[in-house]
Amino acid sequence: MLVRLHSGNPTRRSLVFSIPTLLALAAATGRELGWGLRAVSRETQRWRSLAESIPDYALRQDALKALNRKRGNIEGAALFWILPRHRSPELLRLLIAYEILADYLDCTSERAACVGIKNGLQLHRALLEAVEHTLDVSDYYLYHPWYDDGGYVRALVQVCRETCPRLPSYPTIRPFLAHAASLTHVLALNHEPDPDRRDAALKRWSRDQGGDRHDLTWFESAGSASAWLTVLALLALATEPGRQELEARLIYATYLPWISLTCTMLDSYADAEEDAQNGDHSYISHYSSREEATTRIAGLIRRSMSLAKGLPGGHRHTVITSCMIALYLSKDTARTPETSAISASFARAAGPLTRLLVPVLRIWRVLYRQRTA
């Protein structure tokens, strides 16, 4: 059964929702408003207090910058706790800790990019070791110019390492989880300051990973691994008992590459002007033209939404994917005179739920001062 909502403006399309999608949205909204938002704020503040006590000034600034500027990432990661049928405070804490760890590593790796790729690779070992508790904990700052973080990274890693084995279906999910986490070392390559060396490294990485098996370009293959959404989705799956290998395989194949690639490209799209001004790497700039990029990203959005719906519990995955897309399209940079028409086309490609969520998330960005973050 479908439910049709009409906007007051007759020139606009009506929004058509299926009953299961509406129920999934209502359940997600209730869980977020009833417990999620407060829990995210509480956990974020706990990690902020630890970040504020980091002895080294540069590392302290990196940690606080990640917490302040990437609050949307934390909220997005926490949204994955709507996937299990029942609330799991333990899963929520795990998702938040992993996201904060990844955001911090991204910031501090970028600051020290001049040291070389080996530093970034060493730092990002934490993202694998956080979910694979049998590995020894590395010296993450071995090549880093700064070292004394007061135990910040170790604390984040330890929370994840202690929690993962307690998840009921962790043994089943573990191989897929470890592989998805291992691919995040591509993040270190993204911060190579020399464009020629960076692109050469990413091309080698894509070739070594067999990136062409999905008919992706080298930069699309690398871009899909640059988002750790697959890890978050698998952690949520592991929270429920009795999950099967086939379910893990389906989630892995849907989020990596398709949903992760879509989100990487939308992030790059929203940040394109800032990246150009700062000379930072921009995945979307590798397309030959704006028209090619727009057409390709719209196609990725449609494919991601279709695949998400086909997953077990697909309506909940649809809500999450719609929220992720809307989060990027709600940025101020996606609403300029130059980008508004393109953003509208992306929202149409994502479907009615995304179009409904974009203005909601604009309000959230204003309230949390995240309009461009």
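Summary table
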{"quantity": "Accessible surface, per residue, of the chain when the full set of protein chains is kept, probe 1.4 Å, Å²", "calculated": "44 Å²"}
{"quantity": "Cα→Cβ-extended label distance, 7 Å offset, between ALA155 and ARG290, nm", "calculated": "4.6 nm"}
{"quantity": "Overall form of region 289-373 per C-alpha gyration tensor (a/c, 1.5; a/b vs b/c)", "calculated": "oblate"}
{"quantity": "Prolate/oblate/rounded label for region 49-168 (Cα gyration tensor, a/c 1.5)", "calculated": "prolate"}
{"quantity": "Highest average packing first - 166-178, 98-110, Cβ atoms within 10 Å", "calculated": "98-110, 166-178"}
{"quantity": "Region 78-112 and region 325-368: distance between their alpha carbon centers, rounded to Å", "calculated": "23 Å"}
{"quantity": "Residues VAL366 and GLU338, FRET efficiency given R0 of 22 Å [Cβ-Cβ distance, rounded to 0.05]", "calculated": "0.55"}
{"quantity": "Positive minus negative residues near ILE54 (Lys, Arg vs Asp, Glu; Cβ under 13 Å)", "calculated": "-1"}
{"quantity": "Reciprocal of mean inverse Cα separation for region 221-373 (Kirkwood radius, Å)", "calculated": "15.9 Å"}
{"quantity": "Tensor-based shape of the chain (alpha-carbon gyration tensor, a/c under 1.5 rounded, otherwise prolate or oblate)", "calculated": "rounded"}
{"quantity": "Listed peptides 146-158, 182-194, 272-284 by packing density, highest first (mean Cβ within 10 Å)", "calculated": "182-194, 146-158, 272-284"}
{"quantity": "The chain: Lys pairs at Cα distance under 26 angstrom, eight or more positions apart or on different chains", "calculated": "6"}
{"quantity": "Accessible-area composition of the chain, carbon plus sulfur, in percent [1.4 Å probe]", "calculated": "53 percent"}
{"quantity": "For the chain, calculated [θ]222 nm from helices alone, where every DSSP H run of n ≥ 4 adds -39500 (n - 2.57)", "calculated": "-20000 deg cm²/dmol"}
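The values are calculated or read from the model by the stated rules, or taken from the named source; none is laboratory data. Here the structure is a predicted model, which is why all the values come from computation and not from measurement. Please note: Cβ atoms are built from the backbone with ideal geometry, for glycine as well, and neighbour counts cover all protein chains shown. With ligands, DNA and RNA removed, areas are computed over all heavy atoms of the protein, side chains included. Shrake-Rupley method; radii C 1.70, N 1.55, O 1.52, S 1.80 Å.
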